[in-house]
């Protein structure tokens, strides 16, 4: 039995607790004082239960060194850069943190090659405002003075609102971005704030403006600037397809998650995942599939999703036909890096 050190805030047990409230004060260089305090976030959404499972204890099995790095990032208020093969559980970490620490719905920012920093911070619909101005001239009712109607904060912008407790932000597949985005992120991640020029230009005529947030709520922006109060729990994921600039790396803690291997940790991690999604039923049969997944094609690239697909389909389609179960499982769990015919 593993003994969890007393200083751990995130324990990796999957059992919700109030450990985040016992987190010590941040280092002086990571202390923020944003205001006015934002309303509490919405509860954990279905996107988290899809990741973590809908049955069992919703636990995720981590190695001791993984938990040390995760908790170090929480203490230091630093982003966590999580690398590993597809299906290694990188995105799951953000949802596991939000679930266990009671931090509400995860803010998800999926990155593609065309993603810009502005999209993560906020969007301003100038066209809609112009159209409303033209309509107002016709009917005499002008709603365009409320500029907040045309502003919506993105996932990063919402995460940087002055919440009393940190929000969890998942920046997914940062390595898919163009060459500029990692550098563009530096100031927001270091300073914990950003400006909204469309609101700054109001020049005191509207000191506070209410805007929409990425999770469907509303928040007050004062003097056109947003500054966090509790620095968000930021999880940046990467499949290792590119190197990141040194300025970004020095602002993050790096956690590398290897794909599960044929050892005690790999079996425990996959077993917990299968039980979370399917419950304890068919435990012996599922253990056979787990061992088959871990022992076939050592060194090949495979994703845990393949194992979940195999467990589900063999339970639902060929439950009582062992030869067909084995054949179907082999088909679904073929290595991803051995071509269309599994290297044959």
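The values are calculated or read from the model by the stated rules, or taken from the named source; none is laboratory data. Owing to the predicted nature of the structure, the values given are computational and were not obtained by experimental measurement. Neighbour counts run over all protein chains shown; Cβ positions are idealised from the backbone, glycine included.
Quick grid of which residues meet (1) modelled with pLDDT under 95; (2) under 22 Å from the mean Cα position of the chain (by Cα); (3) not assigned by TED's automatic domain parsing to the domain that holds residue 208:
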{"residue": "3", "(1), (2), (3)": "yes, no, yes"}
{"residue": "24", "(1), (2), (3)": "no, no, no"}
{"residue": "27", "(1), (2), (3)": "no, no, no"}
{"residue": "31", "(1), (2), (3)": "no, no, no"}
{"residue": "36", "(1), (2), (3)": "yes, no, no"}
{"residue": "44", "(1), (2), (3)": "yes, yes, no"}
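In the range 298-332, which residues are touching a helix residue (DSSP H, G or I) at 6+ places or on another chain (Cβ under 9 Å), under 17 Å from residue 267 (Cβ atoms) and free of Cβ contacts under 8 Å to residues at least 40 places away in the same chain?
307, 308, 310, 311, listed by residue number.
In the list 295, 250, which residue meets the criterion of being under 30 Å from residue 25 (Cβ atoms), out of contact with any helix residue (DSSP H, G or I) (no Cβ under 9 Å at 6 or more places or on another chain) and either loosely packed, with under 13 Cβ neighbours inside 10 Å or in the same structural domain as residue 174 (by TED's automatic domain parsing) (or both)? Can you show your working first?
Numbers: 295 fails: under 30 Å from residue 25 (Cβ atoms).
Exactly one residue qualifies, and that residue is 250.
Free of Cβ contacts under 8 Å to residues at least 24 places away in the same chain and under 24 Å from residue 190 (Cα atoms), is that true of residue 29?
In short, yes.
Within the range 229-247, track down each residue that is under 18 Å from the mean Cα position of the chain (by Cα) and crowded, with 17+ Cβ neighbours inside 10 Å. First the steps, then the outcome.
If we filter the range 229-247 for residues that are under 18 Å from the mean Cα position of the chain (by Cα), which is where we start, we get 230-240.
Once the filter is applied, which keeps residues that are under 18 Å from the mean Cα position of the chain (by Cα) and crowded, with 17+ Cβ neighbours inside 10 Å, the range 229-247 yields 230, 231, 232, 233, 234, 235, 236, 237, 238.
So which strands (runs of 3 or more DSSP E) stay within the range 44-128 end to end and still have 1 or more residues that are without any contact (Cβ under 8 Å) to a residue 60 or more places away in the chain and touching a strand residue (DSSP E or B) at 6+ places or on another chain (Cβ under 6 Å)? Talk me through it step by step, then tell me what you get.
Working: elements: 80-83, 107-110, 122-124.
Because the criterion is at least 1 residues that are without any contact (Cβ under 8 Å) to a residue 60 or more places away in the chain and touching a strand residue (DSSP E or B) at 6+ places or on another chain (Cβ under 6 Å), the strands (runs of 3 or more DSSP E) in the range 44-128 that meet it are 122-124.
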